[in-house]
Amino acid sequence: GGYVANSLAIMTDALHMLTDLSGIILTLLALWLSAKSPTKRFTFGFHRLEVLSAIISVLLVYILMAFLLYEAVQRTIHMDYEINGDIMLITAAVGVAVNLIMGFLLNQSGHLHSHSHSHSHSHVPQSNSPNTSHGSSHGHSSLAVRAAFVHALGDLVQSIGVLVAAYIIRFKPEYKIADPICTYIFSILVVFTTVRILCDTGVIILEGVPRHLNVDRIKEDLMKIEDVYSIEDLNVWSLTAGKTTAIVHLQLVPGSSSKWEDVQSKARQLLLNTFGMYKCSVQLQSYKQEMSKTCASCQSSSA
């Protein structure tokens, strides 16, 4: 519709929708990859393909956005363009209608979801049983629906902005400058939408600690485990979004080597259940006192 109407505002709005579509495709890709078994060559599986796809999608969006911005600047300078106001108005109206329907469906889904779990949670005991984790996953699903609803509201506001611009251009063609102005505004929105994706994928590629985890807190909780003397090493990183992996090397207190299985079990339970790790590896070693190393000059001076 934007191409036929020669409207950059419509095309930029469509570009924003493309970023949402990319997010949905990446979610489906992640679900599909999670079912794939690791191979001899890719022992971690194929989770990082989701990250690679995210980067390619964002780069494609930026290339298209740069082209639209260039056209917007040219139109602002030269003002030698015509826009089909009727087609732009119809396309913008359809966009608003679709966003209204999507927001309504998401709102109804969120209400039904939270209502059904408000009943089920009243019968679930607050314990470490599997039912609790099941309820927690339902809570996350409900939050995801609410987040999608809020995002749909943002898309609706943008579509209404395009509709207003289309209405102005249809009945006041001399104000066609509203079209490139919308392109500038919506390009900023696209950047704000995608910059978080780039930051998160960058952290994953550089094997950084996910933003929701605190390494110091993990160390404190590990040190609270009985018979743990020290933490020799702790590595936390993400295979992909939502799949965090950890490797920890613990040293046991003197004389507690026989309790290594109990310590390992508690450490694994802490990492997997409390901090939500996808995978973890706990290495243990018995207490070894570090020998003090004195340099030759110190030895000679003490002599």
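The values are calculated or read from the model by the stated rules, or taken from the named source; none is laboratory data. Note that this is a predicted model, so its numbers are computed, not measured. Neighbour counts are summed over all protein chains in view; Cβ atoms, including those assigned to glycine, are modelled from backbone coordinates with ideal geometry. Heavy atoms of the whole protein, side chains included, go into the accessibility calculation; ligands, DNA and RNA do not. Shrake-Rupley method; radii C 1.70, N 1.55, O 1.52, S 1.80 Å.
Taken over region 203-234, residues that are open to solvent by 80 Å² or more (accessible area, probe 1.4 Å), farther than 16 Å from Q251 by Cβ and outside any helix (DSSP H, G or I) amount to 5.
Pairing each residue of region 182-198 that is in a helix (DSSP H, G or I) with any residue that is among the charged types (D, E, K, R), provided the two are 6+ apart or on different chains, yields C-beta distances under 7 Å for F186/D13. Within region 55-71, identify whether any single residue is surrounded by 13 or more Cβ atoms within 10 Å (Cβ to Cβ), touching a Lys or Arg at 6+ places or on another chain (Cβ under 8 Å), in a helix (DSSP H, G or I) and of a type outside the set (K, R), and answer yes or no. No, there is no match, as no residue in region 55-71 is surrounded by 13 or more Cβ atoms within 10 Å (Cβ to Cβ), touching a Lys or Arg at 6+ places or on another chain (Cβ under 8 Å), in a helix (DSSP H, G or I) and of a type outside the set (K, R). Kindly evaluate L64 against the criterion of being hydrophobic (A, V, I, L, M, F, W, C) and at pLDDT 80 or above. Against the criterion (hydrophobic (A, V, I, L, M, F, W, C) and at pLDDT 80 or above), L64 qualifies. Is at least one residue of region 76-93 open to solvent by 20 Å² or more (accessible area, probe 1.4 Å), within 18 Å of D155 (Cβ to Cβ) and of a type in the set (G, A, S)? Yes - at least one qualifying residue is present in region 76-93. Scanning region 163-215 for residues that are over 30 Å from T274 (Cβ atoms) and either of a type in the set (S, T, N, Q) or outside the structural domain of L68 (by the TED database) (or both) turns up T183, S187, T193, T194.
Tell me, please, whether a residue that is assigned to a loop (DSSP other than H, G, I, E, B), surrounded by fewer than 14 Cβ atoms within 10 Å (Cβ to Cβ) and in contact (Cβ under 8 Å) with a residue 12 or more places away in the chain can be found in region 31-48. Within region 31-48 (the criterion being assigned to a loop (DSSP other than H, G, I, E, B), surrounded by fewer than 14 Cβ atoms within 10 Å (Cβ to Cβ) and in contact (Cβ under 8 Å) with a residue 12 or more places away in the chain), the answer is yes, since at least one residue qualifies.
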